[in-house]
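To start, the structure under review is shown below, and the notes come after it.
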Amino acid sequence: MILTPLSQATFDSLLNSDITAHKKTTFFTQLLEGVSFLHKQGILHRDIKPANILIDQYSPPCSRITDFGCATTTEPILYDYPGTIPYLAPEQVPGQHHDRSVDYWACGLIGYRLLGGHPPRRQILPGTDLLNVLDSLDRMMMAAQTQSQSSTKGFNKAMVSCCRDMLLFDPARRLTAQNGLNIIMHATADLTPTSSPTGSGATTPKALKRQRM
């Protein structure tokens, strides 16, 4: 794997950190833009998780998606044991096919964690585990009505809504990364693209491909 020496940490460092809700939302939009870009190229990542999203800098926020060891261009594809169990979508089980919507599910879980949700310890399947996550997001939505984005404990209402819609059991009904990005950018007037260290001016996380030496 080729990595940049500029990367300071991964999204794991953002979880339960004291950075503002506004910055967490910015990092989340960068993830959505990166996933949307990959899908437009016909690439399914299939291992989106906090440890696979590198942070180049915190201010202004700049991140990149890495680790393409589970990526595929085949869609739909029969479950072949890719990814990391707590971030697998419900349809990622033996004998079933899945598509790019598994990346939307993983994005929803990462967003949920950025918002302060409890880390999943196993694959979330229909039932109590999923209901607990959705109930927690509903409580965050209620809190978002009164809390300020400038607060470290604040919630971005659009981000909460997008995470919930990405965590739908039916893959066909999940909110896409591009639509989620559009919703958050439209709802958050002061959220603007930040320049990357390369000076490209794009918020898209840079995709680093696994190379064979």
Residues of the range 29-52 classified as out of contact with any Gly (no Cβ under 6 Å at 6 or more places or on another chain), farther than 21 Å from MET159 by Cβ and crowded, with 19+ Cβ neighbours inside 10 Å, total: 2
Kindly provide the set of residues from the range 87-103 that are in a helix (DSSP H, G or I) and closer than 19 Å to LEU131 by Cβ, ordered by number. TYR87
Pairs only if they're at least six apart or on different chains, beta carbon under 7 angstrom, first in the range 173-185 and surrounded by fewer than 20 Cβ atoms within 10 Å (Cβ to Cβ), second not hydroxyl-bearing (Ser, Thr, Tyr); list them, first residue then second. ILE183/ALA158; ILE183/CYS162; MET185/LEU191
Mind checking which residues of the range 78-92 are touching a residue at least 24 places away in the same chain (Cβ under 8 Å) and surrounded by fewer than 16 Cβ atoms within 10 Å (Cβ to Cβ)? ILE85, PRO86
Taking the range 45-71 as the search range and keeping residues that are among the acidic types (Asp, Glu) and more than 12 Å from the chain's Cα centre (by Cα), which one is modelled with the lowest pLDDT? ASP56
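Tell me the residue from ILE55, ILE65 that is surrounded by 21 or more Cβ atoms within 10 Å (Cβ to Cβ) and over 18 Å from ALA177 (Cβ atoms), please. So that I can check it myself, show each step before the final result.
On the way: ILE65 fails: over 18 Å from ALA177 (Cβ atoms).
Every option except ILE55 fails the conditions.
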Within the range 112-127, restricting attention to residues that are under 24 Å from ALA177 (Cβ atoms) and without any contact (Cβ under 8 Å) to a residue 24 or more places away in the chain, which residue is surrounded by the fewest Cβ atoms within 10 Å (Cβ to Cβ)? HIS118
When you go through (1) at pLDDT below 85; (2) in a helix (DSSP H, G or I) one by one for ARG139, which number turns out not to apply? (1)
LEU167 vs (1) surrounded by 11 or more Cβ atoms within 10 Å (Cβ to Cβ); (2) at pLDDT below 95: all pass except (2)
Check LEU109, LEU130 and return the single one that is surrounded by 15 or more Cβ atoms within 10 Å (Cβ to Cβ), modelled with pLDDT of 95 or more, in a helix (DSSP H, G or I) and of a type outside the set (Gly, Ala, Ser). LEU109
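The values are calculated or read from the model by the stated rules, or taken from the named source; none is laboratory data. On a predicted model such as this, the values are computed, not experimentally measured, just so you know. Backbone-built Cβ (ideal geometry, glycine too); neighbour counts: all protein chains shown.
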